1. Being surrounded by fewer than 16 Cβ atoms within 10 Å (Cβ to Cβ), closer than 24 Å to residue 97 by Cα and either in contact with a strand residue (DSSP E or B) (Cβ under 7 Å, 6 or more places away or on another chain) or at pLDDT below 85 (or both): is that true of residue 30 here?
2. Return the only residue of 106, 10 being free of Cβ contacts under 8 Å to residues at least 60 places away in the same chain, touching a strand residue (DSSP E or B) at 6+ places or on another chain (Cβ under 6 Å), part of a strand (DSSP E or B) and surrounded by 15 or more Cβ atoms within 10 Å (Cβ to Cβ).
3. With respect to residue 61, is the statement that it is surrounded by fewer than 13 Cβ atoms within 10 Å (Cβ to Cβ), touching a strand residue (DSSP E or B) at 6+ places or on another chain (Cβ under 6 Å) and within 23 Å of residue 101 (Cα to Cα) true?
4. Which of the residues belonging to segment 33-44 are out of contact with any helix residue (DSSP H, G or I) (no Cβ under 7 Å at 6 or more places or on another chain) and at negative phi?
5. Quickly run through segment 13-60 and pick out the residues that are under 23 Å from residue 128 (Cα atoms) and free of Cβ contacts under 8 Å to residues at least 12 places away in the same chain.
6. Considering each of 90, 17 in turn, give the residue that is in a helix (DSSP H, G or I) and within 11 Å of the chain's Cα centre (by Cα).
7. Every residue in segment 74-87 that is touching a residue at least 12 places away in the same chain (Cβ under 8 Å) and not in a loop (DSSP other than H, G, I, E, B), please.
């Protein structure tokens with residue numbers, strides 16, 4: 001079996017691909033507590049407001065919201081806490097150099113299950129201008145029209 005067959009996408013940040021031009025994608029582990037793992041597997045995570053920063057040689061994920069399950073009670077986690085991303089030192093050094101360039105940021109793209117581990121894809125991204133977004137919408141609409149014409 002290939003590596004792709006073991007992946008099950010749990011949460012996808014579709015808006016990130018519309019708002020940003022993704023230059024590179026990195027796969028990273030994520031440091032979670034037990035109740036967060038259970039909540040993410042239940043699909044109670046949201047990446048829309050998420051972003052990553054490099055601080056003191058570590059990559060930290062901010063703004064990812066994981067709603068606690070009602071069954072955990074007293075031991076519930078903080079829904080918007082900062083989570084550490086697990087990357088190789090070489091990857092962190094490379095990202096540090098690239099993020100310092102003007103206009104580049106780290107954006108979470110998707111959370112997925114690989115075998116039994118929850119991982120996150122982060123993208124090195126540059127923000128799109130309004131006219132770039134309009135071009136994407138035009139391309140999408142023309143592709144839809146071509147597909148409809150081909151079906152007829």
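The values are calculated or read from the model by the stated rules, or taken from the named source; none is laboratory data. Note that the structure is predicted; figures quoted are calculated from it, not measured. Virtual Cβ from ideal backbone geometry, glycine too; neighbours counted across all protein chains shown.
1. Working: surrounded by fewer than 16 Cβ atoms within 10 Å (Cβ to Cβ): no; closer than 24 Å to residue 97 by Cα: yes; either in contact with a strand residue (DSSP E or B) (Cβ under 7 Å, 6 or more places away or on another chain) or at pLDDT below 85 (or both): yes.
Taking the combined requirement at face value, the residue does not satisfy it.
2. Working: 10 fails: free of Cβ contacts under 8 Å to residues at least 60 places away in the same chain.
After applying the criteria, what remains is 106.
3. Numbers: surrounded by fewer than 13 Cβ atoms within 10 Å (Cβ to Cβ): no; touching a strand residue (DSSP E or B) at 6+ places or on another chain (Cβ under 6 Å): yes; within 23 Å of residue 101 (Cα to Cα): yes.
In short, no.
4. We begin by selecting, within segment 33-44, every residue out of contact with any helix residue (DSSP H, G or I) (no Cβ under 7 Å at 6 or more places or on another chain); these are 33-34, 36-44.
Residues satisfying the conditions are 33, 34, 36, 37, 38, 39, 40, 41, 42, 44.
5. Within segment 13-60, the first condition is being under 23 Å from residue 128 (Cα atoms), and the residues that meet it are 13-27, 46-54.
Once the filter is applied, which keeps residues that are under 23 Å from residue 128 (Cα atoms) and free of Cβ contacts under 8 Å to residues at least 12 places away in the same chain, segment 13-60 yields only 14.
6. Numbers: 90 fails: within 11 Å of the chain's Cα centre (by Cα).
Testing whether each residue is in a helix (DSSP H, G or I) and within 11 Å of the chain's Cα centre (by Cα) leaves just 17.
7. Step one: list which residues in segment 74-87 are touching a residue at least 12 places away in the same chain (Cβ under 8 Å), which gives 75-77, 79-80, 82-87.
Correct list: 75, 83, 84, 85, 86.
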